[in-house]
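This is the structure I have questions about; it appears just below.
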Amino acid sequence: MKWIREIWQSIVRRDPLSTDKGKSELVFLNVWLHIHPAKVKKENLRFKYSFYLGFITFFLFLILLTTGIALMCYYRPYPPAAYQDMKDLQFAVFMGSFLRNMHRWAAHAMVVCVFLHMCRVFYTGSYKKPRQFNWVVGVMLLLLTLGLSFTGYLLPWDQLAYWAITVGTNIGSYAPLVGGQLRELLLGGHAVGEAALLRFYVLHVAVLPSLVILLTIVHFWRVRKDGGLSRPIWKLKPQKTEALVTIGAPAAVAPLQVTAASKDKTYGLMEVVTGKPIFETVTPEEEKDTVFSYPYAFVREAVALMATVTSIMAISLFFNAPLEEMANPAVTPNPAKAPWYFLGLQELVSHSALLGGVVVPALMVVALILIPYIDRNPSRRPRERKWAIWLFTFFVVANIILIIVGTFFRGPGWAWVPPWVHVVARPE
Amino acid sequence: MAALCSAVGVSLGAVVRFLVPSVFYGPPQSFKIGNPGDFPYGPPTFLADEKIFVFRDRERGFAVASAVCTHLGCTVAYFQNDRDFHCPCHGSVFSPTGAVLHGPAPRPLNWFEITLTRDGQLRVDKDKTVPPTYRLMV
Ligand code: HEM
Ligand code: FES
């Protein structure tokens, strides 16, 4: 028995978890876990503060990576094999349709969760100093998530895929000057065809996931370096709002309140930097407010992981990912609709391609990126940032309404058809 | 620094050029569509692979309209009862001459040149657009 313990010890190399030292060592001796601090602030673990949406988004991405790699074993990225492989996955491959369903529903869920996560970050004012740039990294991740959905959408090579991508890439060609060339670059030709499928495949399985992984690493690293999540609003102390969001951000922050070092614990960067050491002091009452990451944070994250995986599995058991007829360039389905999260865009495009498809979305993205630099109000309290909240809510609601209109109120020929009206096809 | 920047710049340029296809393997832009006798008078014939409508009129002869919506590239359908073209994607409607009646389409439908080859077949050239009044008498 001793030798088993020795082998185990050679792997984990830490004190028993019953000790505080062991609990800390579990975190900082482990390459995967050390992105966490050894101790976290109790209130920041509350579900009602972050809803764990960032984690859930990340877990959905993990599901997409694993199921995606599985699907790659059966997918050939050229027509008409691509479509036949979809049929194979659905009817012949063991668990093929289940894996395809998981991949599809996790992709939809990721779009929803990344959006909700962004809303959470906005409404809690967590993009404010020193977290401005992490918001920008977040917007990049949002765009990459949409890019992954868009490129993935073509891969089944069915009617839905073909026409959504035809319309989608034509929107891009309205961009002034370079639009047309950009479209050709993306498609590798004048129209959606073999070359386009291959390019979308390369983007979908190699380029975009790598970028998401890289930016996710940066995103997490910065969350950690900013001292973990921002403090829940209800924990903000009235007089010291400034001092609360300063950990690990050495440059130009409001002066830290440094209490006499003797009775406090201090963590610092010593010997590696010359000049004045950067200290973060923790007062005894703040110390009381923290708990060890093991088990408190890890258990919660594990619960979020399991809830995410089981929900996606459950949905995949009962709902099949759609697959229409094989792509047919000659026949446009009526109505031809983009994936739901692009239907707001399609609704705008139905009024004007240049304005609705290029100008408005480009301005929205730029505005989104610039939010932390435009909103210079230092307060994170909802009461003190009414304008920002109203404005953001207006755009969120407008977007949701457009998506609902595009999804449920548009029938053949993009005519206004409420969902309770049944349309009979018009004879040609 | 300047050397590094120019090296990066040149490499990026090369990458972009690499991604621009030198040869396009798309369908040909100019092709034969058959003998004049193959086409009936009256409503236009839709050629699905080429995405064109071939009109044949007793007095005025042949004309070819593009079936590609000028908005975002969906394939329009011809409706016999109002003799208009309807786009299924965002609802653009084009008149029998291809003019935009309503919807988001920015330009009228294209009309393509149609000619007679020496062996008596009809030939369409999608690289040559013509006014909607263009007709080939056979
Ligand atoms: C692939 C997409 C993304 C993943 C996987 C991701 C993941 C995470 C995680 C795990 C956290 C920490 C905990 C939590 O809030 O649940 C976090 C925090 C944060 N995220 Fe994201 N995120 C993504 C996209 C975004 C987007 C779109 C934005 C904003 C535009 C954003 C901005 C932020 C900010 C500013 C924080 C710090 C929040 C705070 O300190 O309270 N992230 N993200
Ligand atoms: S593609 Fe025809 S109306 Fe948009």
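The values are calculated or read from the model by the stated rules, or taken from the named source; none is laboratory data. The model shown is predicted, which means the values in this text are computed figures rather than measured ones. When we count neighbours, we look across all protein chains shown, and the Cβ atoms used for this are built from the backbone with ideal geometry, even at glycine.
Name every residue in segment A:187-207 that is surrounded by fewer than 20 Cβ atoms within 10 Å (Cβ to Cβ) and more than 9 Å from chain B (Cβ to nearest Cβ), in order of residue number.
The answer is A:L198, A:V202, A:L203, A:A206, A:V207.
Among the numbered criteria (1) more than 14 Å from chain A (Cβ to nearest Cβ); (2) outside any strand (DSSP E or B); (3) among the hydrophobic types (A, V, I, L, M, F, W, C), which one does B:A63 miss?
B:A63 satisfies every listed condition except (2).
So which helices (runs of 4 or more DSSP H) stay within segment A:1-96 end to end and still have 2 or more residues that are among the hydrophobic types (A, V, I, L, M, F, W, C), within 16 Å of ligand 1 (Cβ to nearest atom) and within 16 Å of A:G152 (Cα to Cα)?
Values: elements: A:2-12, A:20-28, A:47-50, A:53-72, A:81-91.
Where helices (runs of 4 or more DSSP H) fall fully within segment A:1-96 and carry at least 2 residues being among the hydrophobic types (A, V, I, L, M, F, W, C), within 16 Å of ligand 1 (Cβ to nearest atom) and within 16 Å of A:G152 (Cα to Cα), they are A:53-72.
Can you tell me which condition B:K126 does not meet? The list is (1) in a strand (DSSP E or B); (2) surrounded by 17 or more Cβ atoms within 10 Å (Cβ to Cβ); (3) of a type outside the set (F, W, Y); (4) more than 13 Å from chain A (Cβ to nearest Cβ), and all the others hold.
All conditions pass for B:K126, except number (4).
In segment B:99-123, how many are away from ligand 2 (no atom under 13 Å from the Cβ) and assigned to a loop (DSSP other than H, G, I, E, B)?
Our first condition is that a residue be away from ligand 2 (no atom under 13 Å from the Cβ); within segment B:99-123, this holds for B:99, B:110-123.
From what is left, the residues that are assigned to a loop (DSSP other than H, G, I, E, B) are B:99, B:110, B:117-121.
The number of residues fulfilling the criteria is 7.
Can I ask one more? For segment A:111-136, which positions are surrounded by fewer than 18 Cβ atoms within 10 Å (Cβ to Cβ) and in contact with a Leu (Cβ under 6 Å, 6 or more places away or on another chain)? Break it down stepwise before answering.
If we filter segment A:111-136 for residues that are surrounded by fewer than 18 Cβ atoms within 10 Å (Cβ to Cβ), which is where we start, we get A:112, A:116, A:119-120, A:123, A:129, A:132-133, A:136.
Result: A:L116, A:R120.
Report those helices (runs of 4 or more DSSP H) wholly inside segment A:155-220 carrying at least 2 residues which are under 24 Å from B:P106 (Cα atoms), in the same structural domain as A:V137 (by TED's automatic domain parsing) and among the aliphatic types (A, V, I, L, M).
Numbers: elements: A:159-172, A:179-187, A:194-202.
In segment A:155-220, A:159-172, A:179-187 are the helices (runs of 4 or more DSSP H) which contain 2 or more residues that are under 24 Å from B:P106 (Cα atoms), in the same structural domain as A:V137 (by TED's automatic domain parsing) and among the aliphatic types (A, V, I, L, M).
Keeping to segment B:1-15, report how many residues are at pLDDT 90 or above and not in a helix (DSSP H, G or I).
Selection size over segment B:1-15: 0.
Also, I was wondering about something else. For residues that are touching a Leu at 6+ places or on another chain (Cβ under 8 Å), more than 9 Å from ligand 2 (Cβ to nearest atom) and not small (G, A, S), tally how many sit in segment B:60-92.
Looking only at that region, the number is 3.
Surrounded by 14 or more Cβ atoms within 10 Å (Cβ to Cβ) and hydroxyl-bearing (S, T, Y) - does that describe any residue in segment B:37-60?
Within segment B:37-60, the first condition is being surrounded by 14 or more Cβ atoms within 10 Å (Cβ to Cβ), and the residues that meet it are B:39, B:43-47, B:50-56.
Remaining after also requiring hydroxyl-bearing (S, T, Y): B:45.
Within segment B:37-60 (the criterion being surrounded by 14 or more Cβ atoms within 10 Å (Cβ to Cβ) and hydroxyl-bearing (S, T, Y)), the answer is yes, since at least one residue qualifies.
Given the structure, is A:Y296 within 16 Å of ligand 1 (Cβ to nearest atom) and either closer than 30 Å to A:N30 by Cβ or surrounded by 14 or more Cβ atoms within 10 Å (Cβ to Cβ) (or both)?
Numbers: within 16 Å of ligand 1 (Cβ to nearest atom): yes; either closer than 30 Å to A:N30 by Cβ or surrounded by 14 or more Cβ atoms within 10 Å (Cβ to Cβ) (or both): yes.
Here the answer is yes, as A:Y296 does meet what is asked.
Also: Among the residues of segment B:21-47, write down those that are of a type in the set (A, V, I, L, M) and modelled with pLDDT under 85. Walk me through it before giving the result.
Going residue by residue through segment B:21-47, those that are of a type in the set (A, V, I, L, M) are B:23, B:33, B:47.
Hit for segment B:21-47 is B:V23, nothing else.
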